[in-house]
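Okay, structure first, notes after.
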Amino acid sequence: MPSMCYVPKKSPDYDISREIVDTMVQFVKLDVNNNPCLKFSGVEWERQRPGETLMYMHIGTDPKMLPEPFNDRLEFWKNIEV
């Protein structure tokens, strides 16, 4: 039976898949007392702190931390008096 998860090594998806697996391994090994830094493709995955804007890691060929994309919509619904 052929593998359903095969990704050719020359595919851009292969590199992303590899980075995701590497990040998962980092997470499992993470020791917050000695090395609290988690990285995806060299970009630090910032820790969430109470009261700060919720941040997400954009996973792709140009990874970066992005603020909550629906914050404006959430604030709208929070401020409606029904």
Enumeration of residues in the stretch 29-51 that are assigned to a strand (DSSP E or B) and either closer than 16 Å to L66 by Cβ or touching a residue at least 12 places away in the same chain (Cβ under 8 Å) (or both): L38, K39, F40, V43, E44, W45
Complete set of residues in the stretch 10-46 that are more than 15 Å from T61 (Cα to Cα) and among the basic types (K, R): K29
The stretch 22-46, residues that are of a type in the set (A, V, I, L, M, F, W, C), over 12 Å from the mean Cα position of the chain (by Cα) and modelled with pLDDT of 90 or more: V25, V28
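The rows are residues; the columns are (1) at negative phi; (2) assigned to a loop (DSSP other than H, G, I, E, B); (3) aromatic (F, W, Y); (4) touching a Phe, Trp or Tyr at 6+ places or on another chain (Cβ under 9 Å).
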residue: P8; (1), (2), (3), (4): yes, yes, no, yes
residue: S17; (1), (2), (3), (4): yes, no, no, no
residue: D22; (1), (2), (3), (4): yes, no, no, yes
residue: T53; (1), (2), (3), (4): yes, yes, no, no
residue: T61; (1), (2), (3), (4): yes, yes, no, no
Scope the stretch 62-75; condition modelled with pLDDT of 85 or more and surrounded by fewer than 10 Cβ atoms within 10 Å (Cβ to Cβ); matching residues: D62
Candidate set from the stretch 19-28 (those that are over 17 Å from K64 (Cα atoms) and touching a strand residue (DSSP E or B) at 6+ places or on another chain (Cβ under 9 Å)); member that is surrounded by the most Cβ atoms within 10 Å (Cβ to Cβ): Q26
Residue ID - farthest from T23 (Cα to Cα), chosen from residues in the stretch 37-81 that are polar (S, T, N, Q) and out of contact with any strand residue (DSSP E or B) (no Cβ under 8 Å at 6 or more places or on another chain): N79
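The values are calculated or read from the model by the stated rules, or taken from the named source; none is laboratory data. Keep in mind it's a predicted model, so treat the numbers as computed, not measured. In this analysis, Cβ positions are derived from the backbone assuming ideal geometry, glycine residues included, and neighbour counts consider all displayed protein chains.
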